[in-house]
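The values are calculated or read from the model by the stated rules, or taken from the named source; none is laboratory data. Just so it is clear, the structure is predicted and the values come from calculations on it, not from any experiment. Quick reminder, even Gly has a Cβ in these numbers, built from the backbone with ideal geometry, and neighbours come from all protein chains shown.
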Amino acid sequence: MPTPADQETPQSLSENPLAPGLYLVATPIGNLGDITLRALEVLRRVDRIACEDTRQTQKLLNHFEITTPTVSCHQHNEHQRTSELIEALKAGGRIAVVSDAGMPGISDPGGWLTAAAIAAGVAVTPIPGANAALSALVASGLPSGEFHFIGFLPEKAGARRTRLEALAAEVQRAEAPRTLVFYEAPHRILDTLADLEAVWGPQLRVVVARELTKIYEEFLRATASEARRELASRDRIRGEITLLVEARPRAVGEEDAAGAPVKITDRIARLQAEAGPEARMNEKEALKRIARELGLSKSELYRELQRERARRR
């Protein structure tokens, strides 16, 4: 990558007219000092600002004495608002999009409007700035060479567990570790950590990054079980949370004398043989017992069994 010394010094925005188009402006995730000079200049010079919550954005604008008009553009009205904003943009308008915090379009409104603007031939310009996921990742201590941003997991317990098991299966197929990055609500973090422990085991390395850039910023670096116990001991869990997981492929079974993993089919056959013909242990019962012994979910183990059988064909 070129260094700053290799690049031409860009002119200030104020020296040139602000070009028509849609501007995706990152705003602070807690500390107002994280706003960029470029973001402030764009917010001052656009025709209007489309906000996730006009009341939240107005606090930022008031702090920096910005008087640009605002209009709401949130998850419940983004589709309807888009047609109005696109017409203004096609007529040569200059519109900024902001979320309550961070980069619009990342687990926040803005993506639909951006896609519509591109489809309409409107210029779209990102104005970089604060982002909770990347800020948490670089300070987590977990591998950052390959990471997967998921955003929010499903709220319902069954759907959440299914999603985590699917992610575990993806990591297993990839045969390479990666860091998974989630956003999570304080009232769900304990359940999510419990699900992670059930899917990957209690020694799974996690980082709970809470209240980033704020006074009570915290990085809790621990195993899934340790993090859950620590948070459960508190009277109350507060603040925005970014949850990071070091997802490594798991050895599904024990190893034989040569160091090779014991196949699930072989473990099932051994359990059935040990139970004897009178017990008649079926495959489902055997899988349940093996899953309990290995600390895996039965569905994850079943998928591994199916992969074994597919490889034999």
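From the residues in region 129-155 that are under 13 Å from E184 (Cα atoms) and part of a loop (DSSP other than H, G, I, E, B), which one is nearest to the chain's Cα centre (by Cα)? Going through the qualifying residues, I end up with L153. For the structure I just gave you, tell me whether V97 is touching a Gly at 6+ places or on another chain (Cβ under 7 Å), in the same structural domain as L22 (by TED's automatic domain parsing), surrounded by 22 or more Cβ atoms within 10 Å (Cβ to Cβ) and farther than 24 Å from L164 by Cβ. Considered against the rule, which asks whether it is touching a Gly at 6+ places or on another chain (Cβ under 7 Å), in the same structural domain as L22 (by TED's automatic domain parsing), surrounded by 22 or more Cβ atoms within 10 Å (Cβ to Cβ) and farther than 24 Å from L164 by Cβ, V97 comes out as yes.
Taken over region 83-99, the criterion of being touching a Cys at 6+ places or on another chain (Cβ under 8 Å) and assigned to a helix (DSSP H, G or I) is satisfied by L85 alone. The selection criterion, being hydrophobic (A, V, I, L, M, F, W, C), within 24 Å of G145 (Cβ to Cβ), in contact (Cβ under 8 Å) with a residue 60 or more places away in the chain and assigned to a helix (DSSP H, G or I), does not hold for V207.
The residue list E146, E197, E165, E170 contains one member that is in contact with a Ser or Thr (Cβ under 9 Å, 6 or more places away or on another chain), surrounded by fewer than 17 Cβ atoms within 10 Å (Cβ to Cβ) and at pLDDT below 95, which is E146. Restricting attention to region 206-237, the residues being touching a helix residue (DSSP H, G or I) at 6+ places or on another chain (Cβ under 8 Å) and either of a type outside the set (G, A, S) or surrounded by fewer than 22 Cβ atoms within 10 Å (Cβ to Cβ) (or both) number 14. For V122, the criteria (1) closer than 24 Å to P28 by Cα; (2) not in a helix (DSSP H, G or I) hold in every case but one, which is (1). Kindly evaluate T57 against the criterion of being in contact with a Cys (Cβ under 6 Å, 6 or more places away or on another chain) and either buried (at least 17 other Cβ atoms within 10 Å of the Cβ) or modelled with pLDDT of 95 or more (or both). Yes: the conditions hold for T57.
Can you tell me which residue is surrounded by the most Cβ atoms within 10 Å (Cβ to Cβ) among those in region 60-79 that are over 27 Å from the mean Cα position of the chain (by Cα) and assigned to a helix (DSSP H, G or I)? Result: L61. A count restricted to region 210-227 and to residues that are part of a strand (DSSP E or B) and closer than 21 Å to R292 by Cα stands at 1.
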